[in-house]
Every structure is written in structure tokens, then in C-alpha cells.
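Colleague: Shown below is the structure under consideration.
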Amino acid sequence: MHAHSPARRSRERRAARSASLGLIAMLVLGAAIAGCSGATKTPKVLFVTPTPPVTPSPTPSPTPSPTIQVTPSPTPKPSPTPKPPPTIGPCYGSNLQITIMLQGGLAWQSGTGHEMATFQLKNTSSASCVIASKSQPLLLNGNSAILISGAAPGSSPMLMLAPNATMMASVQTSNLCAAPPIVAPVQVGFVMPGTGLVIAAPASPTDLGGVPSCMGDNTVPAGDIEMTSWAP
């Protein structure tokens, strides 16, 4: 064997010492790590994802309902009770005017034993009224005494006379016997049912017309007077 030089032996000793120190350091480090791993457990780390806060949805403001204006129904008014048409009453004698009509300048037309004339009846009031279509005719002396009385008319239709309206009727007298003295003016009166006596105006203040001749016994009172119905 070759003898080693002192320098070489010195290097080998340093190298061996360094290797020993390195091994010791590794052992110490390994023991430390083993001790730490046996005494303390590594905690598990849980990553929790935070839940985002819930943002409340805004509550919508209530839309105000449109105000409905209710028009109040009008209070029903009771239907007016229809008024019955005014009742037209009988004509007042003071509102009636009767005149004798002239024909050929004469009021009375003479025939054999009779006299005939036409009379006009007029409503002189401002209101309508009614008359019976038939009246009771009277031949009146100038002193208002009755010379001849006609028959009562009985029931007859009623006629309405408007204001200023007129009606016509004819009167005939015959066979006046045993008459009292005749006084002018001789007139004709009409007894109207519901109205009363209405006397026609004479043709003149001296009128003696309407007095018929006696065709029989002049000592026996007699006489006849009749009329037609009043008509327009």
C-alpha cells in the first residue's frame, strides 16, 4: 500500500466529519417532523361561499282606482193626476140671445090658419155651455100673458154652444081662438130645460105677427104652437 500524504488524510477526515454532521442534522430534522405530525392534526379548512343577501323586491305602490262619480238618480216624481176635462154646464138664460130672423123684410110668414118664423139662438158668453135640443115654445101677449103654450119637450139630446156660436129653429103657430085682446109686441118665449125661460126679441115694438087666425069655434079657447129642434 501506498502511504497517504498528510494533506490527503486531512481532507478525508474533514469530509467524513461533514458527512457525519449532515446525517445527524437529517435525523434531527426527521424526528422533529415526526414529532410534530404525531402531536398536532392539521385542521381541515372548509371554504363556505357566502349566500348573497336577498334584496327585497320593491313593493309596487297601489294604483289608485279612478273615482267613479255616481250621478244620483233623480227622485221620480209622481205622475200628475190628469185633471178631468171641465164639466160644461147648461147655458144661463142671461147669456143667451134669441132674435127673430127677417125673410123678405118680414118676420112672420103667413099661411092658411098659421104663422111661421125662424129664430136664432146665440151664446153671448166667453164660455161654452149646453142646451137641450128641444124647448117648450110659448106665444106671449104684449103684457106677458101666455096666448098659446106648446108641449113640454121631454127628453132630448144636449147641444154644446161655443162662445158666440148660434143655433136655429123654426116656430109655427095655428088656430088661436077665444083669445084675449092682443097687445103689442107679441113675442115668442122658449122654456129651455136646465136654463129656464128665454124670450126672443120682437121684430119691432108694434109687432103683432105670430098671432094666427081662428079656424074653428071662436068661443072655445084653442091654439097650437110647435117648433123644430135647435140645430146649427
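Every number in this text was worked out from the coordinates using simple rules, so none of it is lab data. Since we're looking at a predicted model, the values are computed, not measured. Because the Cβ atoms are built from the backbone with ideal geometry, glycine has one as well, and the counts that use them run over all protein chains shown.
Colleague: Which order, highest average first, do 209-217, 74-82, 162-170 follow once you tally other Cβ atoms within 10 Å for each residue and take the mean per peptide?
Modeller: My ranking of the peptides, most packed first, is 209-217, 162-170, 74-82.
Colleague: Between A231 and S128, what length in nm is gained on full extension when 0.36 nm per residue of separation is reduced by their alpha carbon distance?
Modeller: Once the chain is fully extended between A231 and S128, it gains 35.5 nm.
Colleague: Using a simple spin-label model with points 7 Å from Cα along the Cα→Cβ vector, what separation in nm is obtained for T166 and N143?
Modeller: Taking the simple label geometry, T166 and N143 are separated by 3.5 nm.
Colleague: Could you work out the per residue convex hull volume over the alpha carbons of the range 93-227, in cubic angstrom?
Modeller: 103 Å³
Colleague: Can I ask one more? Want the number for A151 to K77: 0.36 nm per residue separation, take away the alpha-carbon distance, what's left?
Modeller: 20.9 nm
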